[in-house]
Amino acid sequence: MAEAPELSIIIPAYNEERRLPDTIAAVRAWLGEAAVDAEVVLVDDGSSDGTAGIVRDAARHDPRFVPVINPDNVGKGHAIVTGVARCRGEGVVFFDADLSYDLANVLVAREHLADGADLVVGARDLAVDDTRRDYSWSRRLASSAFNRYVDAMLGLGVPDTQCGFKAFRGDVARPLFSALTIGGFGFDVELLFVARSWGLRIDRIPVEMTARGGSSVSVLRHSLAMARDVWAIRRRGRRGGYPRPASLNDAR
């Protein structure tokens, strides 16, 4: 087997045939400019359009791209879990297929990981220009209410749990993602809750998001679903459902 790359980049995609080709091209160009030793794991989460074909085509033309084709649409969290299961990098980063976060954030996250962070979480609330202000009033209200609910229920101390940019040490990412039980949008909260429960170091870095449109998030439907997820996480945590793996005790 070839030597493990320095970094695994995971990009989950669902019905992204229009935007994914540009994202792949941008990532390929950036890898060359930044001279980063990386593999790019493209995960098609059961798309009904031509996304799977684009993923396979990228892998045929560039061995750094790894295709993962999920037969059914189960959710973003599940898609990333399957991507992490396939990745080999010493570090792992994921971001959305619309490339709404500058790729320069990958290098910043890599510095934090090298400095001892276990997780690096994008924080839109720390950015000079928080473009979430451009969201509709209903989405901003739902986001604010959800964040307050998460703090009250779980006490994570992370104001922006849902940022689509996160990075990890590879030896942390694999056991962490294998412990997750939520496949939908609530997976970010579960991820951070488990990390807190295991005593992992979480660094937050400011990231600016460029809204691309075409989001698959339904404010009302997904907010209610995520609220139920938070309750389930709390209940599972109180029952000891997230035991810290022994492998992390020897990871450093």
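The values are calculated or read from the model by the stated rules, or taken from the named source; none is laboratory data. All of these numbers come straight from a predicted model, not from anything done at the bench. Quick reminder, even Gly has a Cβ in these numbers, built from the backbone with ideal geometry, and neighbours come from all protein chains shown.
Observations on the structure shown:
- When residues of segment 193-209 are limited to those that are at pLDDT 95 or above and part of a loop (DSSP other than H, G, I, E, B), the one surrounded by the fewest Cβ atoms within 10 Å (Cβ to Cβ): 199
- Elements of type strands (runs of 3 or more DSSP E) in segment 1-84, at least 2 residues being within 19 Å of the chain's Cα centre (by Cα), closer than 26 Å to residue 187 by Cβ and in contact (Cβ under 8 Å) with a residue 60 or more places away in the chain: 7-13
- Residue 117 being modelled with pLDDT of 95 or more, touching a Leu at 6+ places or on another chain (Cβ under 8 Å) and among the small types (Gly, Ala, Ser): no
- Residues in segment 97-117 that are touching a strand residue (DSSP E or B) at 6+ places or on another chain (Cβ under 8 Å), assigned to a loop (DSSP other than H, G, I, E, B) and within 25 Å of residue 21 (Cα to Cα): 97, 100.
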